[in-house]
1. Out of residues 5 or more away from residue 36 or on other chains, whose amide H comes under 5 Å of its own, with H placed 1.01 Å from N in the peptide plane?
2. In what order, largest first, do 25, 44 sit by accessible area if the probe radius is 1.4 Å?
3. Using the Karplus curve 6.51 cos²θ - 1.76 cosθ + 1.60 with θ = phi - 60°, work out ³J(HN,Hα) for each residue of the stretch 38-49 in order, rounded to whole Hz, and write x for Gly and Pro.
4. Give me the accessible area of residue 71, 1.4 Å probe, in Å² rounded to the nearest 10.
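The values are calculated or read from the model by the stated rules, or taken from the named source; none is laboratory data. Given the structure is predicted, the values throughout are model-derived calculations rather than measurements. Accessible surface is based on the protein model in full, side chains and every heavy atom, while ligands, DNA and RNA are left aside. Shrake-Rupley method; radii C 1.70, N 1.55, O 1.52, S 1.80 Å.
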Amino acid sequence: MVDKIEAKDTQKTIFPINEGYIHNYMQLLVDFKTNSIYDDVGIYAYAPDENGLMQKFNPIRDKIEFNVYPDSYIQLQPDVGC
């Protein structure tokens with residue numbers, strides 16, 4: 001549905017359209033103009049510490065270019081207003 005709405009007026013869209021489709025759905029979570037994750041996106045970005053516990057935080061909201069730790073587990077979830 002998003003593809004159809006955005007394809008109607010590609011001049012006003014923030015999503016680059018490629019052959020009628022949004023090129024990459026990460027565009028729904030990341031603002032590539034400001035190189036930041038949208039404020040209404042929840043982030044879980046942790047890697048295992050030396051004990052194997054998922055407690056090593058990846059600060060990708062503050063610095064999207066951050067090189068994540070090995071074996072990181074990252075979830076991005078849009079806030080649906082609940």
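1. 31
2. 25, 44
3. Couplings: 4, 4, 8, 10, x, 10, 10, 9, 10, 10, x, 7 Hz.
4. 130 Å²
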